[in-house]
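Okay, structure first, notes after.
Bear in mind that the values in this text are calculations on the coordinates, not laboratory data. Everything numeric here is computed off the predicted structure, so don't read it as measured data. A quick note on method: Cβ atoms are made from the backbone with ideal geometry, for glycine too, and the neighbour counts reach across all protein chains shown.
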């Protein structure tokens, strides 16, 4: 893993893991609909509002989704350290969204 990371310009696999964690933290607050970083709590609120307004899903599906979103609030994340990653996520959002990077 270190060799692959170094081949791609990183110091090693540990640096890759740090970068990945920071980008995933940006994703936790990035609103793909608006195309900007709004913060995790605000994104959860927006997603709850969008779920409530969605007329294509049943009431039970909405309740399940809202319950899931509210459960996400229980998991706290540290404050974002590298704000520059917001610009990277904005630039490569579509490619990152399609990739297995988040898994």
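Data for the structure
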item: Computed log₁₀ I(q)/I(0) - Debye formula, equal Cα scatterers, no solvent, region 2-98, q 0.15, 0.19, 0.21, 0.23 Å⁻¹; result: -0.71, -0.98, -1.09, -1.20
item: Highest-fluctuation residue, 28, 56, 68 considered, GNM on the chain with Cα pairs under 10 Å; result: 56
item: Angle in degrees between helix 40-53 and the longest Cα principal axis of the chain, rounded to the nearest 10; result: 40
item: Length-normalised contact order of region 2-98 in % [C-alpha pairs under 8 Å, at least 6 apart]; result: 26
item: GNM flexibility winner over the chain from 79, 41, 63 (Cα, springs under 10 Å); result: 79
item: GNM result for the chain, Cα springs below 10 Å: residue of 47, 81, 73 fluctuating most strongly; result: 81
item: Distance in nm between pseudo-label sites at residue 48 and residue 10 (7 Å out along the Cβ direction from Cα); result: 3.5
item: Burial ordering of 98, 17, fewest other beta-carbon atoms within 10 Å first; result: 98, 17
item: The chain - mean residue ellipticity at 222 nm from DSSP helices (-39,500 (n - 2.57) per run, n ≥ 4, rounded to 500); result: -19500 deg cm²/dmol
